[in-house]
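Coordinate-derived values only; no laboratory data. All of these numbers come straight from a predicted model, not from anything done at the bench. So basically every Cβ, Gly included, is an ideal-geometry build from the backbone, and we count neighbours across all protein chains shown.
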Amino acid sequence: MGNEQFEAARKAEEGYHSNFYQNNELFASGTWMSRPMPMVMDMLERLLAHKEELRVLDLGCGVGRHTIPIAQRLAKTKSEVIGVDLLDEAVDGLRKYAKEYQVDHIVQAVKADVEHYAVEPNYFDYIAACSCLEHVSNKQAFMEAIDRLQAGTRTGGIHCITMSTNVEEKEINTGKEIKPLIELNLPTAEAIAILEDAYKGWNILLQEHVTQTIEEEKYDEPTQFRCELLRFAVQKQ
């Protein structure tokens with residue numbers, strides 16, 4: 001993807017999410033952030049079976065779809081939960097909801113681009129990157145981000161990754177296919193191959209992909225976003 005196309009994709013994504021966060025409350029019924037993804041909470045419980053206090057990083061956290069439930073689960077411990085997002089609306093929203101749900105004592109909201117976020121080495125027990133890594137600029141940036149996340153993970157730590165692959169978009173009213181504006185649109189098989197290669201030596205806990213469709217208002221006309229949602233969870237040996 002050229003720089004001009006990347007900037008257009010980034011602008012479209014930022015506009016869509018900013019508008020969405022301004023017009024929908026966290027956990028609003030009928031929205032994609034009505035509840036956390038079950039796998040995110042399942043992997044958290046897997047860690048808590050052996051450890052009481054965790055250091056958690058939620059990349060591309062938005063207003064807290066996963067950060068807040070994770071923090072609620074850890075609220076009575078001395079754990080640390082860091083949520084990272086590029087958008088002001090997301091970071092401000094996370095701070096607001098952390099106070100509202102009384103978990104602001106363990107939640108830290110950080111404004112940063114995931115592609116350039118510096119992860120402290122050997123620090124985290126749990127890293128969630130949900131619908132996040134497909135918004136980096138290219139495959140090299142994708143693999144470099146994974147390298148940083150791995151270096152920042154302690155032995156026994158878990159990575160929980162979901163990403164949209166094979167993305168297609170079409171106008172709802174006309175059915176017309178349009179070229180998807182997404183920063184990194186990998187074929188599902190290629191994304192799986194990259195992840196499997198990058199995580200050699202880690203224990204794969206979950207690997208699957210499911211077809212997902214979402215109606216969006218990202219352009220002038222309402223569109224349907226369709227993808228193969230890849231779910232991938234691994235544990236550091």
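Computed from Cα atoms, the angle from the helix 3-23 axis to the main principal axis of the chain rounds to 70 degrees. A full extension of the chain between residue 72 and residue 88 corresponds to an added length of 3.5 nm, given 0.36 nm per residue minus the alpha carbon distance.
Under a Cβ-only charge scheme (Lys and Arg +1, Asp and Glu -1), can you give me the dipole magnitude of region 3-235 about the Cα centre, in debye to the nearest 20? Working shown, then result.
Values: 24 positive and 39 negative charges, 180 e Å.
Here the size comes out at about 860 debye.
Three semi-axes describe the equivalent ellipsoid of region 70-190; taken as square roots of 5 times the Cα gyration tensor eigenvalues and ordered largest first, they are 30, 20, 12 Å.
What is the packing order of peptides 36-44, 91-99, 10-18, taking the mean over residues of other C-beta atoms within 10 Å and listing the highest first?
On the way: 36-44: 17.7, 91-99: 19.7, 10-18: 15.8.
Ranked by mean Cβ neighbours within 10 Å, highest first: 91-99, 36-44, 10-18.
Between 108, 22, 207, the GNM of the chain built on Cα springs shorter than 10 angstrom shows 22 fluctuating the most.
If you line up the long axis of helix 88-100 against the longest principal axis of the chain, both from Cα atoms, how many degrees apart are they, to the nearest 10? The angle comes out near 40 degrees.
Listed values for region 78-85 are Karplus-derived 3J(HN,Hα) couplings in whole Hz (6.51 cos²θ - 1.76 cosθ + 1.60, θ = phi - 60°), namely 9, 6, 10, 10, 10, x, 10, 8, and x replaces Gly and Pro. Compared with the direct C-alpha span, the chain from residue 196 to residue 177 gains 3.7 nm at full extension, assuming 0.36 nm per residue. Which trypsin sites (Lys or Arg not before Pro) in region 196-237 sit in a loop by DSSP (not H, G, I, E or B) and have at most 10 other Cβ atoms within 10 Å of their own Cβ? In loop regions of region 196-237 (DSSP not H, G, I, E or B), the sparsely surrounded trypsin sites (Lys or Arg not before Pro) are 200. Straight-distance candidates among the lysines for linking to residue 218, with alpha-carbon spacing under 27 Å and chain neighbours fewer than 8 residues away dropped: 11, 96, 111, 139, 170, 176, 179. Dividing the summed -39500 (n - 2.57) terms of all DSSP H runs of n ≥ 4 by the residue count of the chain sets its mean residue ellipticity at 222 nm at -10500 deg cm²/dmol. Convex hull volume of the C-alpha atoms in region 1-153, normalised per residue: 108 Å³.
GNM on the chain, alpha-carbon springs under 10 angstrom: the most fluctuating residue among 105, 66, 50 is 50. Counting every other Cβ atom within 10 Å of each residue's Cβ, 110, 103 order from fewest to most as 110, 103. Across 192, 172, 161, mean-square fluctuation computed from a Gaussian network of the chain (C-alpha pairs under 10 Å connected) peaks at 172.
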